Structure formats: structure tokens, C-alpha cells
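The values are calculated or read from the model by the stated rules, or taken from the named source; none is laboratory data. Being a predicted model, the structure only gives us computed values, none of them experimental. So basically every Cβ, Gly included, is an ideal-geometry build from the backbone, and we count neighbours across all protein chains shown. Ligands, DNA and RNA are stripped out before the accessible areas are found, and what is left, the full protein with its side chains, is counted by its heavy atoms. Shrake-Rupley method; radii C 1.70, N 1.55, O 1.52, S 1.80 Å.
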Amino acid sequence: MSELRVGDEVELDVGPVAHGGFCVARHEGRVVFVRLALPGERVLARVTEAREGQRFVRAEAVEVLTPSPHRVPPPCRYAVPGQCGGCDFQQADVAYQRDLKAAVVREQLERLAGLHRDLVHGLVVEPLPVPAEAQGEMPSGLGWRTRVEFAVDEAGVPGLHRYRSHEVVPVDTCLIADPRVLATGVLGRTWPGERAVDVVAPSVGEVVEVPVPSDPGAPVASPTVTEAVAAQGFSGNFEVSARGFWQVHPGAAATFVDVVLELLDPQPGETALDLYAGVGLFAAALASRVGETGRVVAVESDASATRAAEGNLAAYPSTLVVGARVDDAFGVARPARKGAARQRATRQRKLRRNPLLPPTADVVVLDPPRTGAGRGVCGQVAGLGARAIAYVACDPAALARDTAYLRERGYALRALRAFDAFPMTHHVECIALFAPGDPPEDGA
Ligand SMILES: C[S@@+](CC[C@H](N)C(=O)[O-])C[C@H]1O[C@@H](n2cnc3c(N)ncnc32)[C@H](O)[C@@H]1O
């Protein structure tokens, strides 16, 4: 097998795209994960990471010898080898970026969930609408990101992180950022004493800057911003901490609410659960459908999001916010973490179901962080006997694992949509519908 070291340059025939924003190639039997290349290309790649004992090395395409027909010049001068690690796909036209993401979702569901159904094969990644006032004159795939965390180096200079590194690359622009973010002049100033500065361009009101001190013990003053959601099936305003979770693409929240409502079709009087509820986006939409005779229970672990959710949902008397981890609320073991102290903490925790959770539910929204919900939570969700579960997934690998766990407990994937909520990057958002029973016979 080839001995490759950091800095070596090798010619490679680039194979398929893989989860994580790179393509797979081989060099004398050694697997190479090549960034900034496209499937079918021949490139000269420089090795950027070669760890002892690891079966693969990482590399970046530094020269393209045979280009893909989908290759374009990267719009941003920092989306090149050795520079910013934020965008993985600027070298591809935007439609092809979506094809690459669809291929990754398909591959994950086939490999990790064993799904080979038409539903998965025919998947396309759909663009999200960008409100004209948010994007201005920016070309497709640029100018969409309404929340950006700029890193700050030791001299106080703002920038973005190098790929797989804490090193800060000073930048004077970020083309995927909403132009209002850059108009603050955040990148033209220095930020001594800070390790980052967050800039948030909410849909309502002024842009907000939040400096994050280098001293981890120092408090971060994160103001509240207002986000308006005008979906077809629901509208409302949400208060959210500037550093709290909110979808970063300006078309995402409304589109996802519409898709979730369409998939679940909540009915008056039904009981709904919104798990990993954030500031209550889906809970509010569900409450607007189940009405006062129904019930919505939202579960969220972050204290500031929980407080915001209580305020945002105050207009819906049928809602209840439970401030807890979802696994704790269901009384299942937390996923194993490294470290003896954590193991002790897990052992000492009493595994008891939170009595505020209803014993059954008609519909469930699951919107976990990148790690996914996990086997224990999926088992508990299946045990609620819901007629429909909408799973909003920011990581296709986690979605695929949880799809397998839900299937173990009798829930089959019935519908799947995917959205380009993060153009120019490898990230993709999926929304899946699960229902009890066997999957339809479409090539399963
Ligand atoms: C992807 S966000 C979704 C938020 C919300 N559904 C939305 O669309 O705005 C995931 C949320 O889960 C919360 N979270 C992370 N781990 C959690 C856990 N173990 N239990 C409960 N909430 C958790 C995070 O604080 C975050 O608000």
C-alpha cells in the first residue's frame, strides 16, 4: 500500500462523492479523500492529513488535469486549497452541487439503513426560496447565510477556520453570507480579546453583532432577535437568542414548516410531540392545527431556547414546554461518552420517564442535532404509537441510522424530501415521513 505523507502530491482519478464534502480516490491501494475535486476528474492532489494507523489519507485538489463538465471557477477566492474550510462545493455549478448531495443521501440510506427503494433512488435535492430583500443582487447559491460566526485570531483579526483546523484564515468577505452581515463592517475591524464574533441578520429588525470573549468564563451578551415565519400553512413570529438555534437559510423555516404540516396533516383534537423543539417553531405550527382541543408537548434541553419557546408558544394554550434532554425525558440511557466521570454520572442518573410526556401521541416531529436521536429515543418514539412521525435531519448519516432504529420498531419510511439549505457547502437538510407498518413494495 502506498506510503503517503503530508505535502506529497499525487495524480488521482477521482471517484464518487462521499458524506463530508469530499470525493473518494485510490492511490496504490490507499484510499484518498479528496476535497475540492469532482467525480470523474483527474487531479493533482496534495496530501493534507496522513495519520498513523488510519486506512485513508486526506488531500486537496491543487490542480485539475481533466475537469468535470460541472466544474466552474469558485466564486470566492478563499474557497481554494489551504484557505477557508467552510465551502466544499464552490467548484461545482449549483445544480450539480444538489446532485452530489442527493447522491450522498441515497448512499447513506442504502448503506446504513439498507433501503433500496424508488423513494430513495429518485431523490432530488430541492432549492430553497431566497426572499429578494435578503439576497439582493447576489447570484444563485450566494448571499443566503443569515447567521455567521467569524473566528478571531490572537491578534484580534476576524476570519474563518481553515479546513479541519482551528487556525483562522483572515478574510475580507464571505460570499455565502447575507449581504447585511457584511455591511456591518465586521471584517474591517479588529476584535481584541474575542475568540469569535457572531453576526445575525434576522428577518425582522436590525443586524446584531455578538462578540464571544476568548476567556471561556466570561459571559456572552447574546441579545434576542425576532424571526418571522410566513409559511403557506402557518405564520408567526419567534423570539430567539442571537446565538441560539435558528435555521440559517432565510427560506428554510417556512419551507420546513409547510413540509412537516403537509406530511403529518395534524387534525383538531390530536396530541402532538415536538422533540428537540428549539424555540418552538414546529410546536407553534402543530398547535395552530390541533387547536384548543388538542395538545402539543415540546421538549428542548437548552435553557435559553426553552424560555424563548415558552414565550413564543404563550398564544397557544394547548402547548406545554418540557425543559429536558429528550433521552432523559423518555427515561432512556444517554449515549455513551468518553471519561470515567461521565460514566459515573450516567450510572447515577435515575432512568425515569418524565410524567409530563403523554403516554401516546398522534403525530411527532423529531428534529435532533447532528448526532441524531439514537436507538433508545427512536424506540421510545415508536412506542408512542403515533400515526405519523416527521423527522427533520441535518445529517443524512444520522437520519439513516435512525431510519434503521425506527424500522426495528415497526416504522417504515413513507416519504422523503431533501433541501439545499446550505448552498456551496456539503450540508443538506432532509425531511422524512415514517408511519407504522411495512414499507410499500416499490423495490424494497
Ligand atoms: C436542529 S435544532 C432544531 C430546533 C427546532 N426544531 C427548529 O427547527 O428551530 C436541534 C435542537 O435540539 C436541541 N437539543 C440538542 N440536544 C438535545 C437533547 N438531547 N434533548 C433535547 N434537545 C436537544 C438543541 O438545543 C436545538 O435547539
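Numbers for the structure displayed
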{"quantity": "37 °C / 0.692 mPa s Stokes-Einstein diffusion coefficient of segment 366-444, Kirkwood radius on C-alpha pairs, µm²/s", "calculated": "256 µm²/s"}
{"quantity": "Accessible-area composition of the chain, carbon plus sulfur, in percent [1.4 Å probe]", "calculated": "51 percent"}
{"quantity": "More than 18 Å apart - percent of Cα-Cα pairs taken over segment 142-223", "calculated": "39 percent"}
{"quantity": "Segment 1-71 - Rg and Dmax from Cα coordinates, angstrom", "calculated": "11.0, 36"}
{"quantity": "Two-site label geometry, Ser304 and Thr184: point separation in nm, points 7 Å out along Cα→Cβ", "calculated": "1.3 nm"}
{"quantity": "Rough spin-label spacing in nm, given labels placed 7 Å along Cα→Cβ, for Asp438 and Glu408", "calculated": "2.2 nm"}
{"quantity": "Point-charge dipole on Cβ atoms (K/R +1, D/E -1) for segment 286-444, about Cα centre, debye to 20", "calculated": "1020 debye"}
{"quantity": "Relative contact order %, the chain, counting alpha carbon pairs below 8 Å whose residues are six or more apart", "calculated": "13 percent"}
{"quantity": "Point-to-point label distance, Asp215-Ala95, nm (Cα→Cβ direction, 7 Å offset)", "calculated": "5.5 nm"}
{"quantity": "Extension gain, Ala155 back to Val72 (0.36 nm per residue minus Cα-Cα distance, nm)", "calculated": "26.4 nm"}
{"quantity": "Diffusion constant of the chain at 37 °C, which comes from Stokes-Einstein with the Kirkwood Cα-pair radius and 0.692 mPa s, µm²/s", "calculated": "141 µm²/s"}
{"quantity": "Trypsin sites (Lys or Arg not before Pro) within segment 343-444, DSSP loop, no more than 13 other Cβ atoms inside 10 Å", "calculated": "Arg349, Lys350, Arg352, Arg353, Arg370"}
{"quantity": "Length-normalised contact order for segment 142-223 - Cα pairs under 8 Å, 6+ apart - percent", "calculated": "30 percent"}
{"quantity": "Extension gain from Glu52 to Asp172, taking 0.36 nm per residue of separation minus the Cα-Cα distance", "calculated": "39.5 nm"}
{"quantity": "Space enclosed by the convex hull of the alpha-carbon atoms of segment 246-389, per residue, Å³", "calculated": "113 Å³"}
{"quantity": "Kyte-Doolittle mean at least -1.0 and Cα axial length at least 20 Å: DSSP H helices in the chain", "calculated": "94-113"}
